[in-house]
Structure formats: structure tokens, C-alpha cells
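Report on the following structure.
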Amino acid sequence: MTAPDTLAVIAARLAGYDPKALRVEVAQDFIAQLLSTPSEQGEVPLRQALGRVLSADMVSPLNVPAFDNSAMDGFALRGSDLQTDSATRLRVAGTSLAGQAAAAELPPGGCQRIMTGAVMPPGLDTVVPQELVQIEATADGEYISIPPGLLQAGDNRRLAGEDLARGAIALRRGRKLRAADIGLLASLGLAQVPVWRRLRVAILSTGNELVEQGQALPPGGLYDSNRHTLWALLEELGVEVIDLGLVRDDPQALRDAFSRAAREADAVISSGGVSVGEADHTKAVMAELGDVLFWRVAMRPGRPLAIGRMPSDSGPGTLLFGLPGNPVAVMVTFYAFVREALLRMSGATPEPLLSLQAISTQTLRKKPGRTEYQRGIVSRNATGQWQVAITGNQGSGILSSMCQANALVVLDHDQADVQAGDWVTVWPLAALA
Ligand code: AMP
Ligand code: MG
């Protein structure tokens, strides 16, 4: 096996590679080339498969529904018995209930009372809902009368296999399973689901100013929030989190933490300590243990970013994301660079990100030459169109702006100032969960 290309070699192949002002899209293209794919799979019970990624196509072993059945409570009849210019009168013979085997064949001119989900009696292809008929009890039995023009042959009948045909692919490999998928797999009678192993992602915070919750805040200290934000983002993504804690600005402590990540995790995410002129040892230890590039990305918030790969004893190595320290920058760089990378490494085929166009309610100052992610509040205006207002202070340390926002306003690299009334692109935060 030949050794993988170094990061510098990969970077040299990229058009527009400028580590001091790297375009967001170039950074994304770069990261996309570093991603390992999962190899271990196993089976989990149906309900544990929620949020997991399918490791195989799920082929339907049966027709769903398994038989033609009624979509309504009413009367099953032959469509060919329907009169077009006068009422149709049919004699009622028996009842089909859900869960019963198919009824016997009916004589011509007959119909059968039928409940939703009951097997269509042989030869009958149409159901008239009970609220459309008049029922008549006579000495000779019960009759229904259907006014003309209300019904066509085949109405209110569900065909065998119309949801899923036997042999069809119900869900594709790479699908990250949602609520409807769990129900669909259940409708196929499956109790076990093949999935990829959950990705293991290690997190740590660096910075001597940081303090754990529950401890008194010393002068100059601040509580470590990034590690908890990252934990929450990763939980929402459905990966397994290995929390390496708050790591002191000490080479050996940092070495221990990153080495453990290389042994145990598929990826490691740190925050802080990667900016230019940073006094601490984080960058040096990253470079010592792995093949790492330190970038300034043309984005706001975000700028400093370290991307690397640490060799591991087995497997393709551990991907390293050194995110900036500022709390909003952590979230934005996670959404811009980490989220999709981890989904792909989990074996998932990411769905296109749902974004909106919204009308800016205000002027936004924006310099061309960097991508900006402003925190926005999307609402509907009086005519029902989406509009967006910016939360107050856009500083990269103002985490409350992320709490107030329900969306990120994404202003692309070449965009200049936005005028009130202009359309802008918005990523609803709900779509990023
Ligand atoms: P740095 O990138 O290390 O220069 O950090 C930039 C800013 O983010 C500094 O004000 C740090 O105090 C702050 N910061 C770094 N790490 C964390 C963290 N884990 N939680 C909250 N704030 C942090
Ligand atoms: Mg720092």
C-alpha cells in the first residue's frame, strides 16, 4: 500500500489555494479529500436505528400493502356495475372487516359492506364511502343506492404494492434514518436493521483561561462553553462523543489528549489555540503528532482553522479539526466544515442543505472577499414572504446571538453591502440539526 498524499501535496493540487485567505469553498473541497469511509457494520434493533446510517440497501421482501384493500368505510362493488345516468342500486351481501381473509365471490349486482383496510372481495374493484349512499332495508334484504356521477371504477381502493413493491429498494444505503424510515422498515416486518458503526469523535478545549462548570471563576477566567456546544452539536448529529476535557496549556497534557484521540477516535475537534500569534502549545503539539495545515479562512466569524490527520495504529488515521476559540466561530466553522465531513465519514449520503431566500429588512455592511455568516431572525412579512433581521451584536464571542437567531444569513465571498429589500440566502438552524 502506498502512503497517502501529504496535506501539502493535496493542497498544491487545489486551484486558488491560499492558506492566508482561503475561500470557504476551497477549504471545503480540501476537507472532502481527507474523509475516510466507514468499514464496520452491524445490526441494531429497529428503534435503535433512529438517526443511524444504513449500511445496505433495504429491499422490500413483500408488497406493501400485501393485498388490494379498501381505503374507506363503505361498500365494495364492481366498477362495471356503476350506472352513469341514473342511480346504481346494489344488494348488500355480507361484510368484510379488516384482518379477515378475502370474502367469497359475490353474485353480479351485489356489493359488500367493507371497512378501511379490509381485503377487497374477489372481483370487486371499487369502494363507495358510506356517506355517499342511501341505505334501504327491504323484505328481500338491504340495498344501497349511489347517485350517478360521484364515483369511478377503482375509486377508494388501495392496490397491493402501491406503497412498496416486493423487490424494490425501500431505503438506500447511506440513508440517515428518520421517523418515517423507522415506520417504513417496520411495515416491511423488519426487527433488525444493518447500520454502520457510529463515528467516534473526540472533543477538547484548550486555553488556560478556561474553567469547568461548578468551580468559582477566578479573575481573568471564563467558563468553557465550546466543549459543551460541540458535545451538543455532535449528539444532534448522532455520533459517539469522547470528551477529552479541558486541556491545560502544557505540551505533555496536550500530547496525551491528542494521542488518545488518535488511538480512540475517527476525528478530533478542538477549539482555541490555533490563531496566529497564539502563545500556547496547541499548534506545536498538533504539528508534532500529525500532518496539519494552519489556515486563515476568508470568512467571518471563523478565520483561524487547523486541518490535519494524525496517524493511528489501524485504519485511515484520525481527522483533526482545530476550530477557533470564539464561541460563535466554533458553531459557524462546525456548520461550514465539520458537519458534512462527519456525516460522510459516518457513511451517510448528506441531503442538500435546505436554505431559504429571505428579504433583508435592513442594510447589511459586507466587504467582498470573505464569506459572512450573520445571525438572523427569519419571520414572515405582511404579505407572507420570508424576511430576515439581524440579531444585534455580531461579535464572534456573542453566543447569545446564536440563541436569539433561528437562522444564519450567508453572504457569499463576492457579495458587497446588502440594501434593505434585497434577497439574501438564509440557512434555518433547524435544517442544520
Ligand atoms: P483563541 O482562539 O484561543 O485565541 O480564543 C479566542 C477567544 O475564544 C478567547 O477570548 C478565548 O477566551 C475564547 N475561548 C477559547 N476557548 C473557549 C472555550 N472553550 N469556551 C469559551 N470561550 C473560549
Ligand atoms: Mg486561546
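Laboratory data are not the source of any read-out in this text; all were calculated from the coordinates shown. Not measured: the values here are computed from a predicted model. Note: ideal-geometry Cβ built from the backbone for every residue, glycine included; neighbour counts use all protein chains shown.
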Under 5 Å between amide H atoms, partner at least 5 residues away or on a different chain: which partners does Asn326 have, H built in plane at 1.01 Å?
none
Pairwise label distance in nanometres, Leu354 with Trp231, each label 7 Å out on the Cα-Cβ vector:
2.9
List the chymotrypsin sites (Phe, Trp or Tyr not before Pro) within segment 274-369 that DSSP assigns to loop and that have no more than 16 neighbouring Cβ atoms inside 10 Å.
none
Step through the residues of segment 329-339 one at a time and calculate ³J(HN,Hα) from phi using the Karplus curve (6.51 cos²θ - 1.76 cosθ + 1.60, θ = phi - 60°), rounding each to whole Hz and writing x for Gly and Pro.
4, 4, 5, 5, 5, 4, 5, 6, 10, 8, 4
Using Cα pairs under 8 angstrom and six or more residues apart, how large is the relative contact order of segment 1-111, in percent?
16
Would you kindly derive the ³J(HN,Hα) couplings of segment 406-422 from the backbone phi angles with the Karplus curve 6.51 cos²θ - 1.76 cosθ + 1.60 (θ = phi - 60°), listing them in order in whole Hz, with x for Gly and Pro?
10, 7, 9, 8, 9, 9, 6, 3, 8, 4, 9, 3, 9, 9, 4, x, 6
Residue separation times 0.36 nm, minus the C-alpha to C-alpha distance between Asp57 and Gln404: what's the value?
120.9 nm
Show me the ranking of peptides 211-217, 24-30 by mean Cβ neighbours inside 10 Å, starting with the highest.
24-30, 211-217
Can you sort Met115, Met299, Met72 by how many other beta carbons sit within 10 Å, fewest first?
Met115, Met72, Met299
Using 7 Å Cα-to-Cβ label points, what is the Ala431/Ala102 separation (nm, one decimal)?
4.7
How much length is gained if the chain between Arg47 and Asp313 is pulled fully straight, taking 0.36 nm per residue apart and subtracting their Cα-Cα distance, in nm to one decimal?
92.4 nm
Note to self: Kirkwood Rh of segment 173-304, Cα pairs, one decimal, Å, is 17.3
Neighbour-count order for Lys20, Lys176, fewest beta carbons within 10 angstrom listed first:
Lys20, Lys176
Given labels modelled 7 Å from the Cα in the Cβ direction, how far is it in nm from Arg248 to Ala71?
7.0
Could you let me know the centre-to-centre spacing of segment 213-260 and segment 269-303, using Cα atoms, in angstrom?
16
Between Leu150 and Leu222, what length in nm is gained on full extension when 0.36 nm per residue of separation is reduced by their alpha carbon distance?
18.7 nm
Principal axis dimensions, segment 26-161 - Cα atoms, whole angstrom, descending
80, 34, 21
If the label point sits 7 Å along Cα→Cβ of Ala8, residues of segment 293-317 with amide N under 16 Å come out as 293-295, 307-309
Counting pairs of Cα atoms in segment 69-116, how many percent are more than 15 Å apart?
45
What fraction of the DSSP beta bridges in the chain is antiparallel, stated in percent and rounded to the nearest 5?
70
Could you work out the pair-distance distribution P(r) of the chain from its alpha-carbon pairs, with 20 angstrom bin width and percents rounded to whole numbers?
21, 38, 23, 15, 2
What is the Cα centroid distance between segment 17-81 and segment 311-336, reported in whole angstrom?
26
